[in-house]
Structure formats: C-alpha cells, structure tokens
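Working notes, structure below.
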Amino acid sequence: MTNKLPSDYVPSFKNDRITILASALLEQCYQTDDDLQSDYDSGYSIGCTRFDRQKNRLKDMALEHEWLNISDGSNRLVMNIDGAPFRFTRDNYLAPKKQSSTAVSNTEAIQITKFSQSQQLGFDWSDDTDNDLETPMKWRFFVDVTESAESDERDYEIFFVGLNSIDVACCVWQLSEHKSPALSSADDEKPQTVKTQPARTTLPNADKHRKSSNE
C-alpha cells in the first residue's frame, strides 16, 4: 500500500469532496446514536437506521453538488463523482466480514467499465491476474464502528479505500487525518459546513418524557 491520495488515482476524487461525503456519513452515525435512546433499541435497529439514514443522506447530497451522481439508488447504492463510482459499507477494510462490502454489483461493474474506458485505464474484469495489484479498481467508504465493552457507547471512523482486483486495500484515506474546519474547495463550489448536535451532558428525564407522551 502506498501513501498516495485517492486523487492521485482518480482526479475527480478531490480531497474536499471526499471530506464532505465522509463527514456526512460520520454525522449520521452520531445523530442516530443520539436519537435512538429507547430501551427497546438494539444494535440491529440502530445499525439498520444508521445505514438507511446514511444512504438517504448521500442520495440527497446529489441534489446539492453537481459533481455527485446516483448510478443505482437501491439499497445497493452506487454513486459516482464525475463518473468515478463508489459505494459505502459498515465494515473493517483490513478484514471485511461481509461479502457485500467488496462485491461488485452489475450497476457498479458497468459504471467502472464506463469510467475506465473514458479515462483509458484499461481494466480487464475477465482476467484479474493481469491487473496491476497496486492500482485500485473499486472504491468504498468504510464506516468502522468501535463499541465499548463496558457501555453502549460507540466511536466511529470513516475511511475511503481503493481496493485492487483481489480486494486488498492499496489506497487508504482516513477522515480524522484530513478533516479541517478551514477546508478550502478545489472547485467553484464551497463545501457546506456539517452541523453536529451538542454532546449530551445529562441523562434523559424519564418522568418528563412520560408526561410529555401523555399530554
């Protein structure tokens, strides 16, 4: 794995664009945790809600940024930045546990082929052994979740990873290393500020909550 940035492989994967998308994914992680505080919420309900919110947030962002487009709007969401496709998944990029994290859908394969031809990259999906293992062939935002063993608290990190033909990471971009409050745009569109909720400093008042529900 090299120290190259995604934009070194795909010019449209500019740092400010990747940061905008990664920050939106991170925001939905903490927002979901903040909202789902019921005793009846489980890791499953939180995980499903987090995924759906992240998916819908990215789709909504396609209306905000002209460089962002939707190739497949289903739950197997495939998006592209100026034609360069990517997906997102909740997994560990070093050792993905879900087959869907690295699997390429028909829509993504078509988009990858289309983009590689337009950039004259010459990827050959029919014979992976001929491909350069140092060159990313597909890109994923990995939402890495760390759960505390002592409490229900979770921490998150967002990675944007380029995977080669045998699903090994050959380019890794980490949000915490690139996020900056003074982020400057590489194009004419200024990045939008990602709003975050203030940290909860007190426990919810159960009596007040029950009273509000009965009114």
- Message: Need a quick list: strands (runs of 3 or more DSSP E) entirely within segment 15-106 having at least 1 residues that are under 17 Å from Phe160 (Cα atoms) and among the hydroxyl-bearing types (Ser, Thr, Tyr).
- Response: 84-90
- Query: Within segment 1-45, which residues are under 18 Å from Pro136 (Cα atoms) and open to solvent by 60 Å² or more (accessible area, probe 1.4 Å)?
  - Reply: Met1, Asn3, Lys4, Leu5, Asp8, Pro11
- Please work out if Ser126 is of a type outside the set (A, V, I, L, M), out of contact with any helix residue (DSSP H, G or I) (no Cβ under 9 Å at 6 or more places or on another chain), surrounded by 14 or more Cβ atoms within 10 Å (Cβ to Cβ) and modelled with pLDDT under 95. no
- Check segment 129-137 and report whether any residue there is at pLDDT 90 or above and surrounded by 19 or more Cβ atoms within 10 Å (Cβ to Cβ). yes
- Query: Just wondering, is there one or more residues in segment 90-98 that are hydroxyl-bearing (Ser, Thr, Tyr), touching a strand residue (DSSP E or B) at 6+ places or on another chain (Cβ under 6 Å) and either buried (at least 19 other Cβ atoms within 10 Å of the Cβ) or at pLDDT below 95 (or both)?
  - Reply: yes
- Item | Unmet criterion (only one of (1) farther than 20 Å from Arg87 by Cα; (2) surrounded by fewer than 13 Cβ atoms within 10 Å (Cβ to Cβ)) for Cys48 | (1)
- Message: Restricting to segment 69-86, and then to whatever is within 19 Å of Val10 (Cβ to Cβ) and without any contact (Cβ under 8 Å) to a residue 24 or more places away in the chain, can you tell me which residue is surrounded by the most Cβ atoms within 10 Å (Cβ to Cβ)?
- Response: Met79
- Task: Just give me the residues in segment 1-14 being among the hydroxyl-bearing types (Ser, Thr, Tyr) and outside any loop (DSSP other than H, G, I, E, B), in sequence order.
- Result: Ser7, Tyr9
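The values are calculated or read from the model by the stated rules, or taken from the named source; none is laboratory data. Everything numeric in this text was worked out from a predicted model, so none of it was measured. Cβ sites come from the backbone with ideal geometry, for glycine too, and all protein chains shown count toward neighbours. Ligands, DNA and RNA are stripped out before the accessible areas are found, and what is left, the full protein with its side chains, is counted by its heavy atoms. Shrake-Rupley method; radii C 1.70, N 1.55, O 1.52, S 1.80 Å.
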